[in-house]
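One structure below.
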Amino acid sequence: MTSDRKSPPFPTKEAVLDFIEQSPTAVGKREIARAFNLRGNDKIPLKQLLKELKDEGHFGRGAKQRKNNIDGRLPPVQVIELTRIDSDGELIAVPAAWEEDHPAPMIYVLPDRKSKFDLVVGDRVLAKLKRLDNKSYQGIPIRKLEAAPLKILGIYQITEEGGFVRPVDKKAKKDFILNPDYAKAAKHGELVLCEIRKGRSRKGLKEVKVVEVLGGIDSSRALSLVAIHERNIPNQFPEEVLEEAAAAKQTTLGKRTDLRDLALVTIDGADARDFDDAVWAEPDPDTEGGWHIIVAIADVAHYVRAGSPLDDEAQTRGNSTYFADRVVPMLPEALSNEWCSLKPNEDRPSMAVHMWIDADGELRKHKFVRALIRSQARLTYEEVQEALNGDPSDKTAGLLYPVLKPLKGAYDTMLKARHKRGTLELEIPEFQVVMDESGEVTDIVKRQRLDSHKLIEEFMITANVAAAIELESKQLPCMYRVHEAPDPVKIEGLADSLHGMGIKFAKGQVIRPKVLTQVLERASDLPEAKLINELILRAQSQARYDATNLGHFGLALTRYAHFTSPIRRYSDLMVHRALIKGLKLGDDGLTSDETTKFNDIAEHISATERRSAAAERDTVNRFTASFFSQKIGTIYPGKINGVHRAGLFITLDETGADGLVPMSYLPDDYYIHDEKNHSLTGRRWGREFNLGDSVMVRIFESNPITGGIALRIVEGDDDDEKNQQKPKRQGKGDHRGRRRNKVGTSSSRSPKRKNRR
């Protein structure tokens, strides 16, 4: 005889913490199990829950949580929060949950562990503590923890049970309670930024207080705001920073080199608003087949002085962040769109580099100068390409032979050196979100990759190399752009994937960029060519900034820096200042204080770059989901780019959008996951899904808030009615899973990330 009695719900972390904190005596697993009426198999997940709480620093082993030991000492293992970098460059932390009346002791983080765990101010880590004296400790990080959010962004929901905020972060598992007294006039369905209040409610949910009402979520323009707030990207300039930028003035020639008579031009995207690089070329009369090239970059260091409010804000931001509908700039528009923008027919200060290359495209010599230039034209990539293809416009006709042809000639010569050194030539299509004037997404199109794009890229790469060489020769600090060789474990996984596609790739060989390019060349005519490009991309290390030269694997360069975009990258501004100091080009060069903090600044701007990249990626996902939310039921061709126990990751051919086919929505069968060969095979019918397979899929769910797109595999005899049916639950252990995967609780994006060179 079976009982109709229902098992009690499994307690949340918040409920367990409430019980522990309210208990007058110390409690352990047994007391918690009794309190929540947990029996048998329920004790296994309880053990895991308590382990997670312990790892998060909530309490000591088997005891009620205590902030400190009785004698005032901190426990030997504690969660700490990194709060600042002191004048000696040391990373300082405090206990993460400090609530005592007296000041928290200082914890000095062990320097080598700082680099190992890629730690920056604001991180939370689990650390071993070694007491130095009564007021300080040494912290040895054990593990980096996910930061506990101080603020959350979500949608205000008014229900019969009261007000709630549903977080937009797809990783958040629970809603927050919002008392009307703390709602700040927010309306149902509006996007709100909230701070988390101390304590917990009786329902086991945390309470929040609205600090900013951001308006309705029904417009696509709100989606980039979600990423800005979610990733804590500074979006408002302090008043003193705006005032300093507004005080900037025109620059006179003075001691600068006068390059205003040269036909320098800017070449950018049609939608660009700032123009920070200009180029020029002519045949080198002293070297047969060689070229004399000039790359002129906006002289941001002239306007942004080290230690000024402008500089502090630029360093904090680290870089500009670009969305389809807006830009969060590193510098105020008074500089980024005006005095530091190389507008045509206007005098602008610049840092310029003369470069001389030989007939094989090798850099022979270079010379940096501080100059005054006057751009002759603002050109777009499309205008330049059409002119070079023999169809110049009225605007480019007069520039074709004196300006554009020499630029193309120099580029063709530079390609010889690029091919000789064996650059990794990945062909990864990029897609652009197209929006109308009202901010709605109207299309997602593939970006064109023109020779004019490659021309500018090659000019910039050569200028960046020259900057690194110059600073090394002067034995000055350099903000290197480093890209280390791929991890051997990733290469082994790549080899397994290639082998499954019938492509030979010897394990254990020395990996050079040319080796991977040869694989791409052999696979160029295969249906899996696009996937193989992505697999090789996923195997790469992430590019970053470092004060130590570690080379650039992807570009096959022994030294490389970023010099060409100081409007939008703080790294480039540091390189400019170092050049100014080393070449004695002014009193606004690198300061001694900056020199001592080079490593810390490198780590910080690497972190801000990752933050911006994540925000940009999240927003593209959300814009894409917004676009497909209007196309529910539509069928698209795609390819399998990931095989997982959760299902299949699919990339749609036409738009590059990624979605998830949950295991529970695959054609009816019990599927065996072969992790090594990246495949799913149906036990009953033998249906196989392999990495790289072409499939037809139907959009069945698309959530603009989370950026999740869920798909169904479409079989040849499928119809609309069949595809709307939910699958039956299967037995225990079935790879379908016990419940339907919801968009927003399972990732619907494949784990791909393009390195920024």
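Quick rundown of the values:
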item	result
Matching residues, region 691-709, being of a type in the set (A, V, I, L, M, F, W, C) and assigned to a strand (DSSP E or B)	Val695, Met696, Val697, Ile699, Phe700, Ile709
Contacts under 8 angstrom Cβ, first residue in region 503-516 being within 23 Å of Gly551 (Cβ to Cβ), partner part of a loop (DSSP other than H, G, I, E, B) and not hydrophobic (A, V, I, L, M, F, W, C), 6 or more apart	Ile511/Pro486; Arg512/Gly422; Pro513/Gly422; Pro513/Thr423; Pro513/Gly554; Lys514/Gly422; Val515/Gln509
Residue tally, condition closer than 27 Å to Lys51 by Cβ and of a type in the set (A, V, I, L, M, F, W, C), over region 121-138	4
Residue check for Glu362: free of Cβ contacts under 8 Å to residues at least 12 places away in the same chain and surrounded by fewer than 23 Cβ atoms within 10 Å (Cβ to Cβ)	no
Tally of residues being in a helix (DSSP H, G or I) and not hydrophobic (A, V, I, L, M, F, W, C) across region 409-440	9
Enumeration of residues in region 163-184 that are at pLDDT 90 or above, more than 16 Å from Val226 (Cα to Cα) and not aromatic (Phe, Trp, Tyr)	Gly163, Ile177, Leu178, Asn179, Pro180, Asp181, Ala183, Lys184
Selection status of Val510, more than 24 Å from the chain's Cα centre (by Cα), of a type in the set (Val, Ile, Thr), part of a loop (DSSP other than H, G, I, E, B) and surrounded by fewer than 21 Cβ atoms within 10 Å (Cβ to Cβ)	yes
Residue count for region 544-569, restricted to those that are farther than 17 Å from Leu471 by Cα and not small (Gly, Ala, Ser)	6
Considering residues of region 450-468 that are over 16 Å from Arg577 (Cβ atoms) and aliphatic (A, V, I, L, M) only, the residue surrounded by the most Cβ atoms within 10 Å (Cβ to Cβ)	Ala463
Any hit, region 542-556, residues being in contact (Cβ under 8 Å) with a residue 60 or more places away in the chain, open to solvent by 30 Å² or more (accessible area, probe 1.4 Å) and farther than 25 Å from Leu363 by Cβ	yes
Any chance Val241 is free of Cβ contacts under 8 Å to residues at least 60 places away in the same chain, open to solvent by less than 50 Å² (accessible area, probe 1.4 Å) and out of contact with any Gly (no Cβ under 9 Å at 6 or more places or on another chain)	no
Subset of region 324-359 [touching an Asp or Glu at 6+ places or on another chain (Cβ under 6 Å), farther than 30 Å from Asp412 by Cβ and open to solvent by less than 10 Å² (accessible area, probe 1.4 Å)]	Ser336, Pro349
Residues that are closer than 28 Å to Ala657 by Cβ and assigned to a helix (DSSP H, G or I), drawn from region 480-507	Lys490, Gly493, Leu494, Asp496, Ser497, Leu498, Gly500
Any hit, region 372-381, residues being among the small types (Gly, Ala, Ser), touching a Phe, Trp or Tyr at 6+ places or on another chain (Cβ under 9 Å) and touching a residue at least 40 places away in the same chain (Cβ under 8 Å)	yes
Options Leu132, Leu126, Leu119; residue that is assigned to a loop (DSSP other than H, G, I, E, B), modelled with pLDDT under 90 and out of contact with any Phe, Trp or Tyr (no Cβ under 6 Å at 6 or more places or on another chain)	Leu119
Matching residues in region 482-499 - criterion: being out of contact with any Asp or Glu (no Cβ under 8 Å at 6 or more places or on another chain), surrounded by 17 or more Cβ atoms within 10 Å (Cβ to Cβ) and farther than 19 Å from Ile428 by Cβ	Ala495
Considering residues of region 70-84 that are open to solvent by 70 Å² or more (accessible area, probe 1.4 Å) and modelled with pLDDT of 75 or more only, the residue nearest to Lys130 (Cα to Cα)	Pro76
Hey, Thr596 hydroxyl-bearing (Ser, Thr, Tyr), at pLDDT 95 or above, surrounded by fewer than 18 Cβ atoms within 10 Å (Cβ to Cβ) and over 28 Å from Ile444 (Cα atoms) or not	no
Long-range neighbours under 8 Å by Cβ, at least six apart or interchain, first residue farther than 13 Å from Val109 by Cβ within region 71-94, second loosely packed, with under 14 Cβ neighbours inside 10 Å and modelled with pLDDT of 80 or more	Arg73/Arg131; Leu74/Arg131
Selection within region 590-611 - among the hydroxyl-bearing types (Ser, Thr, Tyr) and assigned to a helix (DSSP H, G or I)	Ser592, Thr595, Thr596, Ser606, Thr608
Restricting region 630-648 to residues that are in a loop (DSSP other than H, G, I, E, B) and either open to solvent by less than 20 Å² (accessible area, probe 1.4 Å) or of a type in the set (A, V, I, L, M) (or both), the residue that is farthest from Ile699 (Cα to Cα)	Ala646
Of residues in region 555-577 being outside any loop (DSSP other than H, G, I, E, B), out of contact with any Gly (no Cβ under 7 Å at 6 or more places or on another chain) and not β-branched (Val, Ile, Thr), the one nearest to Pro513 (Cα to Cα)	Ala561
Answer residue from region 244-267, given it is in contact with a strand residue (DSSP E or B) (Cβ under 7 Å, 6 or more places away or on another chain) and surrounded by 20 or more Cβ atoms within 10 Å (Cβ to Cβ) and is farthest from Leu404 (Cα to Cα) among those	Arg256
The one condition in (1) of a type in the set (A, V, I, L, M, F, W, C); (2) assigned to a loop (DSSP other than H, G, I, E, B); (3) open to solvent by less than 50 Å² (accessible area, probe 1.4 Å) that Leu526 fails to fulfil	(3)
Residues satisfying the stated conditions in region 96-116, i.e. at pLDDT below 80, open to solvent by 40 Å² or more (accessible area, probe 1.4 Å) and under 23 Å from Asn599 (Cβ atoms)	Pro111, Asp112, Arg113, Ser115, Lys116
Candidates Leu471, Leu535, filtered to the one that is among the aliphatic types (A, V, I, L, M), in a helix (DSSP H, G or I), within 30 Å of Leu223 (Cα to Cα) and open to solvent by less than 60 Å² (accessible area, probe 1.4 Å)	Leu535
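The values are calculated or read from the model by the stated rules, or taken from the named source; none is laboratory data. If you're wondering where the values come from, they're calculated on a predicted model, not measured in any experiment. Because the Cβ atoms are built from the backbone with ideal geometry, glycine has one as well, and the counts that use them run over all protein chains shown. Accessible surface areas use protein heavy atoms only, side chains included; no ligands, DNA or RNA. Shrake-Rupley method; radii C 1.70, N 1.55, O 1.52, S 1.80 Å.
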